[in-house]
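See structure below.
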Amino acid sequence: MLYAVPCRDLHVGNHFARSPQIAIVNEQRQIKQIVPLVESDTACNKKKQWISVLRSYDVKSVVVRHIGKKMLAHLFNHDIRVLASTGKAEIGALDFSNLQQVTDLDYGREPRNVCHSKKGHSQRGCSNKGSSKKGCGEEGRKKDSAILMAQPNHLGGIRGFRK
């Protein structure tokens, strides 16, 4: 079985999607491949790279230290087993049989840049004034529905148009 481990300098990376590399490791703790992740301006692109690597190597287990709830849910939905590592362990020293399996979404962290205040914004991390932050792939759907909802309201202002 192959394991995917987010890493930095052959140590388990602190956060799943923010690690610069993915180590593909077999059960004997031999590193089969180190896959560099391309730096991206969005977290969505990094997550897409992760999914691509997991599929191409047919990985069935992932070792994480910290991970977001949405990505954790995505892994669960694709029947990928998630194991929790403590500290920044050296990849060659990992004992996969002794790592605790993650089975609950509560292990995952909430997104950093989610707006939480009464108006939909927190002071820290929300650069999207006027609307709430959206996750990967949600932006387009929200805009389309807003456009569809806004059109009937503007038609009454057109001269000679009857409802």
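The values are calculated or read from the model by the stated rules, or taken from the named source; none is laboratory data. Keep in mind that this is a model prediction, so the values were computed, not measured. Neighbour counts run over all protein chains shown; Cβ positions are idealised from the backbone, glycine included.
Selection over the range 82-113 of residues that are farther than 24 Å from residue 55 by Cα, free of Cβ contacts under 8 Å to residues at least 60 places away in the same chain and among the aliphatic types (A, V, I, L, M) gives a count of 0. Entry remark, the range 1-18: residues being closer than 16 Å to residue 38 by Cα, crowded, with 22+ Cβ neighbours inside 10 Å, touching a helix residue (DSSP H, G or I) at 6+ places or on another chain (Cβ under 9 Å) and of a type outside the set (A, V, I, L, M, F, W, C) number 1 in total. Assess whether residue 73 counts as being over 21 Å from residue 91 (Cα atoms) and modelled with pLDDT of 90 or more. It is true that residue 73 is over 21 Å from residue 91 (Cα atoms) and modelled with pLDDT of 90 or more. Taken over the range 34-81, the criterion of being free of Cβ contacts under 8 Å to residues at least 40 places away in the same chain, buried (at least 16 other Cβ atoms within 10 Å of the Cβ) and of a type in the set (D, E, K, R) is satisfied by 46, 81.
Filter the range 44-101 for residues that are β-branched (Val, Ile, Thr) and in contact with a helix residue (DSSP H, G or I) (Cβ under 7 Å, 6 or more places away or on another chain) and give the result.
Our first condition is that a residue be β-branched (Val, Ile, Thr); within the range 44-101, this holds for 51, 53, 59, 62-64, 67, 80, 82, 86, 91.
If the condition is that a residue be β-branched (Val, Ile, Thr) and in contact with a helix residue (DSSP H, G or I) (Cβ under 7 Å, 6 or more places away or on another chain), then 62, 64, 67, 80, 82 are the ones that fit.
Condition test on residue 82, is it of a type outside the set (Gly, Ala, Ser), modelled with pLDDT of 90 or more, in a strand (DSSP E or B) and touching a Lys or Arg at 6+ places or on another chain (Cβ under 8 Å)? Please lay out each step first, then the result.
Values: of a type outside the set (Gly, Ala, Ser): yes; modelled with pLDDT of 90 or more: yes; in a strand (DSSP E or B): yes; touching a Lys or Arg at 6+ places or on another chain (Cβ under 8 Å): no.
Spelling it out, it is not the case that residue 82 is of a type outside the set (Gly, Ala, Ser), modelled with pLDDT of 90 or more, in a strand (DSSP E or B) and touching a Lys or Arg at 6+ places or on another chain (Cβ under 8 Å).
Please go through the range 10-38 and pick out each residue that is of a type outside the set (A, V, I, L, M, F, W, C), within 15 Å of residue 95 (Cα to Cα) and in a strand (DSSP E or B).
So the first thing to find is which residues in the range 10-38 are of a type outside the set (A, V, I, L, M, F, W, C), and the list is 11, 13-15, 18-21, 26-30, 32-33, 36.
Imposing the further condition that a residue be within 15 Å of residue 95 (Cα to Cα) reduces the set to 11, 26-30.
Answer for the range 10-38, where residues must be of a type outside the set (A, V, I, L, M, F, W, C), within 15 Å of residue 95 (Cα to Cα) and in a strand (DSSP E or B): 11, 26.
Screening residue 41 against (1) over 16 Å from the mean Cα position of the chain (by Cα); (2) in a loop (DSSP other than H, G, I, E, B) leaves a single unmet condition, (1). When residue 55 is tested against (1) outside any loop (DSSP other than H, G, I, E, B); (2) modelled with pLDDT of 50 or more; (3) charged (D, E, K, R); (4) in contact with a Lys or Arg (Cβ under 9 Å, 6 or more places away or on another chain), exactly one condition is not met: (4).
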